[in-house]
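First the structure, in the form of structure tokens, and then the observations on it.
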Amino acid sequence: MHEKSLTTLEYPKILQRLAREAAFSASKELALALLPADRPDDVRRRLALTTEARRLLDVRPDAGVRGARDVRPHAAAALRGTTLSPTELREVHGTMKSSGYVGRLIQRAEGNYPLLKELAVDLPMRPRLEGRIEESISDDGAVLDSASATLRKLRADIRAAQQRLQERLQTLVSEFRTALQEPIITMRSDRYVLPVRAEARSQVRGIVHDQSGSGATIFVEPLVIVEMNNKLRQLQLDEREEIERILQELSALVAEDAPHVTLAVELLAEIDLQLAKAHYAAETRASEPQITTDGRLRLIQARHPLLSGRVVPIDFHLGDAFSMVVITGPNTGGKTVALKTVGLLALMAQAGLHIPAADGSVMPVYDAVYADIGDEQSIEQSLSTFSSHLSRIIDILRQARTGSLVLLDELGAGTDPSEGSALARAILTDLLDRRVATVATTHYSELKAFAHERPEVANASVEFNVETLSPTYRLSIGVPGRSNALAIAARLGLPEGIITRAREFLGSAGVEMESLLEGLRDDRQAAADERYHLSMERAEAEYQRRELEHERARLDEERADILNEARTQARRELETLQAELARIRVGMNRTERPKEDLDALRARARALEEHAAPVPLPKRRERRARPEADEPLAGPLTVGDTVRIRTVNQRGELVSLSDRGEAEVQLGALKMRVAVDDLERLSRRQARAPEAPAISLPPLADRPTPDVQLDLRGWRVEDVIPEVDRYLNDAYMAGMPFVRILHGKGTGALRQAVRQELSHHPLVKTFASATPPEGGDGVTVATLAG
């Protein structure tokens, strides 16, 4: 990349802001040294790393390198045999701990981060080095007692020696109180001494270590504690030697793992750089551009990242229908800002930084970006002469080629307008012939005409509000700008005569050019209005379509509800008809009915069969005469006896007897409740005899035909079971295919008792809750065994 152009476009300022987001010095160095790549694959990889880092921060905002430091100098010093200080060792420990933390965080993070995981997989973890430093050095850099057994013992001995020495000195303070300046114990030259008054020196025998500035106080080490001081001092020297040995041992471990320590710093710096890029992208509300190889550049709502306050975004495109854009417009209107925005965003994208533009922006990969921008709006606030401009342009023309981007500000300015415009046109023609992507700003009308004549060149302009005499900073591609000098002069009150004379001096060509520009602007505004109206009509059509879809969905839902209600009503009527048919079948089987009653029942059955599917009636069972040999046994009935039910001439086992004169008899799968008087006890021989082939129905005058529904609401649980059993027996004997038991919802106790009984009742095939329209969980529908 062209170094001068990088500075001109303020790219180093972007790097400085990026470096502020980095966590430690190694990653800051990488940020400040970040240069744009010139290969599409490298650019895509860099952008993808930034995108992955942003996704990682979305799910793990705490992601970071934490206590990492650039400890590469420490590792190099350890390799040279230098003993590292406790603080340096602690920094090595923090860096290696961060390496393990970041590696685990990225590998275990939810989401897809292939490039970050590719970096993190090589992060070294040295648990032996981490553990040894952690048990030896505290967070504040002190060597811990746990560093070695010898150090622990030495420090215990030192504390004991200090305790004994303090106790002896306290005794001496009391003994020599009148000779002391103050009753305190102090230290001189790392030895404990007493502050003795000079005139009482002879009262305290010992070694003089120091005296006060006034000479009034002498610091004496009493002879009686010299040996104790000597022992304490020796222990302290031994402690110092042991600490030095421990630091040398730990430094040797760092030297042994120096390659891993260096690799950890480099990989952590690279990962932290990606996190810094992600933080900066979030701060600037940036997005990842699409990278193309066909030279197309398309910026949507792009903003200059160094501008603050209210920034007017621009839309800009280049490289599809045209490879050169000439921007015209008034001074301070935003031409230079637009030029710098295009160049700076190209550099940022190729460096792997997301750009402050909307999603859908497209950027090519340029082999170099060249810029000549030097006027009162430049960062340095310096005025460029024509010569310096031309020198830079000559350097750019010498290096630019197909695949480069050239940015030229106020091309041809600073000299005679005729010669300047001719020179500018020649330079643009040369770049156009060499197919170099170019963006230039100018005030020359001749360059507006040049851009209008060449299909490979597009005019663009920054708008100016003549009413408010201020720029709008909006960039329009396809329409050349106006100088607005005459309009501004008229707005400010310059006499009309002078304005008219100026137009005459401008000449017919100038007037025609201004009229052409005005016409183009009007046509563009008309096209924009037409697009707006079309978009409004399209939005209205889309709204009507959605309303019709909602109406159709509503009608479909109503139709489904009506059909469901009709089906439910039909199902209820069918159940009623089936129950009525069952009653008719029972009535037709009664032998006691008169002939006219039977005829009436048959007629009703035929009428009902016209509205429901025919239900076959059960064959009438003839009652067998009781075998003469079956004589009843005398004696009371007991549970377990084999008995015969007289009314149906069937044998079964007596299951239970009640106090109300009723009994339950098991007839195969059928359990019947009958009167005790209707039973007779059989002998064993009679029990083994062949059973009567069929059950003849009892006279139904004594047993009413059951309803299709049993209402148990308000019943107690203990009374429900016998009633349900009796109802099921009657329904089964009546030939009913199913029954409905209404128990209500309430606390659910009644429903649970009913369903518990149904679950093991031999006459019940299946049972389930009724449909919601028919009562839901408050009704249980039981299908009887066939």
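Here are a few things to note about the model shown:
- Separation of alpha-carbon centers, segment 407-447 and segment 35-95, rounded to whole Å: 47 Å
- Annotation: amide H of residue 641 within the under-5 Å range of 654, sequence separation 5 or more or interchain, hydrogens built in the peptide plane.
- Of the residues 167, 52, 110, 463, the one with the largest accessible area comes first in the ranking 110, 167, 463, 52, computed with a 1.4 Å probe on protein heavy atoms.
- Under 29 Å from the Cα of residue 745 - lysines, other chains or at least 8 residues apart: 671, 765
- Cross-link pairs 28/117; 13/97; 97/231; 4/97; 277/448 - those with Cα-Cα distance over 31 Å: 13/97; 97/231; 4/97; 277/448
- Solvent-accessible surface ranking, highest first, for 386, 738 at 1.4 angstrom: 386, 738
- Accessible surface ranking that places the most exposed of 7, 438 first, with a 1.4 angstrom probe: 7, 438
- Prolate/oblate/rounded label for segment 277-343 (Cα gyration tensor, a/c 1.5): oblate
- Where the alpha-carbon atoms of segment 167-211 are placed on the principal axes, they occupy 25, 24, 17 Å, in descending order.
- Across segment 247-261, computed HN-Hα scalar couplings (Karplus, 6.51 cos²θ - 1.76 cosθ + 1.60, θ = phi - 60°) run 5, 5, 5, 5, 5, 5, 5, 5, 4, 5, 9, 3, x, 5, 5 Hz from first to last residue, x flagging Gly and Pro.
- The solvent-accessible area of residue 187, taken with every protein chain present and a 1.4 Å probe, is close to 80 Å².
- Counting only heavy atoms of the protein chains and using a 1.4 Å probe, residue 238 has close to 50 Å² of accessible surface.
- Accessible area of residue 683 in the full protein assembly, 1.4 Å probe (Å², nearest 10): 30 Å²
- Euclidean distance of C-alpha centroids, segment 722-764 and segment 167-204, integer Å: 107 Å
- Relative contact order, percent, segment 56-136 [alpha-carbon distance under 8 Å, six or more residues apart]: 33 percent
- For segment 148-237, the relative contact order comes to 26 percent (Cα pairs under 8 Å, sequence separation of at least 6).
- Rounded to two decimals, the Cα-based Rg/Rh of segment 149-266, with Kirkwood Rh, is 1.25.
The values are calculated or read from the model by the stated rules, or taken from the named source; none is laboratory data. Fair warning: this is a prediction, and the values are worked out from it, not measured in the lab. When the accessible area is computed, the model is the full protein with side chains, heavy atoms only, and any ligands, DNA or RNA have been set aside. Shrake-Rupley method; radii C 1.70, N 1.55, O 1.52, S 1.80 Å.
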